[in-house]
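Undergrad: Supplied in structure tokens, the structure appears directly below.
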Amino acid sequence: MSLIQLYDTTLRDGAQSEGISFSAVDKLHIAQKLDGLGIHYIEGGWPGSNPKDAEFFAKARNLTFKNSTLVAFGSTRHAKIKAENDANLLALENAGVEAVTIVGKGSELQVTHVLNIALDENLRMIADSIRYLKGKGLTVFFDAEHFFDGFKSNSTYALRVLEVAAEAEADCLVLCDTNGGALPGEIADAIQTAREMTSAPLGIHAHNDSELAVANTLAAVQAGASHVQGTINGYGERCGNANLCSIIPTLKIKMNIDCVTDAQLANLAEVSHYISEVANFTPDNFMPYVGTSAFAHKGGYHVSAMAKWGQSYQHIDPAKVGNKLRVLVSELSGRRNIIDKVKELGLDIELTPEESKKLLEQVKQLESRGFQYEGAEASFELLIHRVKQDYKPPFELVDFIVMVESRRRQSTRKNLDELLSEAIVKVKVGNEIMHTVAEGNGPVNALDLALRKALLQFYPSLTEVKLVDYKVRILEASVGTEAQTRVLIESSDGVNEWQTIGSSTNIIEASWLALADGLEYWLLKHKAAGSS
Ligand SMILES: [Zn+2]
């Protein structure tokens, strides 16, 4: 066992995040990912409070974990009920796990204002519940809820709560900053005071309401806490919990605490993205360590320094957390960015100095017209190909017409407007010019269908390519120009996803450019793979 226990509560506290609803099966998948990350304890949920969590624990009996122990969460017994008759404690006992966490009040004001019971009764509830569960052979973590606020208003009582839990032989006393309002110095002081009072292991559970959850957790570790609770991506109630994606690499890389292995740490970015997918949240690009922008370099000055010394503008080697360095190509770029980008994309293309200069000029030109290649690497790759004299595109756009018509249809109840969209497309493939027409449920859909119709005769495997995301952004008009519309399209062939961009003062033209790039990119890759 490492010196620090990592305890993940994504499945319980994280699931309290606004907008998150994990199914029991989602939870099983997430638990396995957390196991692969080397998390020591995975809190699966509150079996006594909801049927979905009870179902999770029932199904989890069939899982085997390599590194993790599953934990069930619940509260101390209710007032005036004996521990052995308390439904919530019985649910914990019957959850089929080896470890449980029970939460009890660590603050005098919470006991008197919220529980409305005597201060002594709260202490008895805590002691009885821990003793009962320990008597069943379980590992018992005690969450002292509102401990830090309680310590501020009445430290004697807050410490008495810990003392009682320690006497009942809780395996760890977890001090909670439940409302997320504490500062790192306050956390450190309270942990030190608790440290002097008890030899029981101490833990930290911090919330992020002051954006200090990670800092508070690290301060607690420095002050002697040996058990760290948090969630992946910091998901959790209100502003979230302490983010394990920042805590784990900081402990391991910067504080030399060997809480996970190097190989486990290298799974971090993948686990973070996986869980955001399951949560149906867009991954946060700017998240430290794991975000796609965390090691992205844009300024030409930075990029040329990075070429000389790889660590000149980054705090760690991104590979350690499973992330990677990205070179962004933009109007801020120098020629170095272009050369490094070609290398990063793994392209087997040698650009002459003239070609890279030309490419850079083009990028600057296009960016001034609203194109932006940072989120559209497939379009950028096409630009690189197009700058080569000998590049033969799989097709060329000649022109298109799109019609949108609103027709009034009589119905017995009301008049219904029906919008019809039709696109006519002219595309050149080799020496042939294809002319196709298609109707769609909108102008972009009609264009997409007409373009495919033309190309399918030459490239039947294009049926594999699907449009999976379509985003439009209106860019503010700069002086003397009309507002530009930027369209970003994500396409997929079921194996890979790629992003393309179009920009124009006209949304249809912007869409047309992005659509065409999406298909051209796939055809290029597909031909390169020799399977067409
Ligand atoms: Zn919490």
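Undergrad: List the equivalent ellipsoid semi-axes of region 270-344 in whole Å, largest first, each obtained as the square root of 5λ for an eigenvalue λ of the Cα gyration tensor.
TA: Values for region 270-344, descending: 25, 13, 9 Å.
Undergrad: Could I ask something else about it? How far, in degrees from 0 to 90, does helix 443-456 lean away from the longest principal axis of the Cα atoms of the chain, to the nearest 10?
TA: For 443-456 against the chain, the angle is about 60 degrees.
Undergrad: Now, a different point. When the gyration tensor of region 425-473 is built from Cα positions, what are the square roots of 5 times its three eigenvalues, in whole Å, from largest to smallest?
TA: Equivalent ellipsoid semi-axes, largest first: 20, 13, 10 Å.
Undergrad: So, one more: Sort 66, 364, 453 from largest to smallest accessible area, using a 1.4 Å probe on the heavy atoms of the protein chains.
TA: From most accessible down to least: 66, 453, 364.
Undergrad: Checking the table 357/426; 52/134; 52/136 against a 31 Å threshold on Cα-Cα, which pairs fail?
TA: Long pairs (Cα-Cα over 31 Å): 357/426.
Undergrad: Could you sort 406, 107 by their accessible area in this structure, using a 1.4 Å probe and putting the largest first?
TA: 406, 107
Undergrad: How much length is gained on full extension from residue 3 to residue 98, taking 0.36 nm per residue of separation minus their Cα-Cα distance?
TA: Net length gain for the segment: 32.2 nm.
Undergrad: Within region 165-290, what whole-number % of the accessible surface is contributed by carbon and sulfur, with the 1.4 Å probe and all protein chains included in the calculation?
TA: Percent of accessible area from carbon and sulfur atoms in region 165-290: 48.
Undergrad: Roughly how many Å² of residue 361 are accessible to a 1.4 Å probe, to the nearest 10?
TA: About 100 Å², ignoring ligands and nucleic acids.
Undergrad: Can you give me the accessible area per residue for the chain, using a 1.4 Å probe, in Å²?
TA: With all protein chains present, the chain gives 46 Å² per residue.
Undergrad: Further, regarding this structure: Points 7 angstrom from Cα along the Cβ direction at residue 313 and residue 398: gap in nanometres?
TA: Placing both labels 7 Å along Cα→Cβ, they lie 4.6 nm apart.
Undergrad: In whole Å and largest first, what semi-axes does the C-alpha gyration tensor of the chain yield when each eigenvalue is scaled by 5 and square-rooted?
TA: So the three semi-axes of the chain are 55, 28, 21 Å.
Undergrad: Residue 439 accessible area, nearest 10 Å², 1.4 Å probe?
TA: Taking all protein chains as shown, residue 439 has close to 120 Å².
Undergrad: While we're looking at this one, here's another question. Rank these residues by their accessible area, most exposed first, probe 1.4 Å: 471, 27, 308, 52.
TA: 308, 471, 52, 27
Undergrad: Continuing with the same structure: Taking the Cα atoms of region 225-367, report the difference between the largest and smallest coordinate on each principal axis, in whole Å and largest first.
TA: For region 225-367, the Cα spread along each principal axis is 58, 32, 25 Å.
Undergrad: Once you have a ≥ b ≥ c as the square roots of the Cα gyration tensor eigenvalues for region 169-219, tell me rounded if a/c is under 1.5, and otherwise prolate or oblate according to whether a/b is larger than b/c.
TA: prolate
Undergrad: Limiting things to C-alpha atoms, what are the Rg and the maximum Cα-Cα separation (Dmax) for region 305-451, in angstroms?
TA: So, for region 305-451, Rg and Dmax equal 22.4, 75 Å respectively.
Undergrad: May I ask which residue of 180, 447, 148 lies farthest towards the positive end of the charge dipole of the chain, with charges of +1 (Lys, Arg) and -1 (Asp, Glu) on Cβ and the Cα centre as origin?
TA: 447
Undergrad: I'd like the carbon and sulfur percentage of the solvent accessible area for region 302-459, probe radius 1.4 Å, heavy atoms only, ligands and nucleic acids excluded.
TA: The value for region 302-459 is 49 percent carbon and sulfur by accessible area.
Undergrad: Roughly what % of Cα-Cα distances in region 244-293 sit above 17 Å, to the whole percent?
TA: Of all Cα-Cα distances in region 244-293, 35 percent exceed 17 Å.
Undergrad: Note down the net charge around residue 313, summing +1 for each Lys or Arg and -1 for each Asp or Glu among other residues with Cβ under 15 Å from its Cβ.
TA: So the surrounding residues net to +3.
Undergrad: What is the packing order of peptides 287-298, 219-230, taking the mean over residues of other C-beta atoms within 10 Å and listing the highest first?
TA: The packing order, highest mean first, is 219-230, 287-298.
The values are calculated or read from the model by the stated rules, or taken from the named source; none is laboratory data. Values in this document were obtained by computation on a predicted structure and should not be read as measured data. Note that we place each Cβ from the backbone using ideal geometry, even for glycine, and neighbour counts take in every protein chain shown. These area figures cover heavy atoms from the full protein model, side chains too; ligands, DNA and RNA do not enter into them. Shrake-Rupley method; radii C 1.70, N 1.55, O 1.52, S 1.80 Å.
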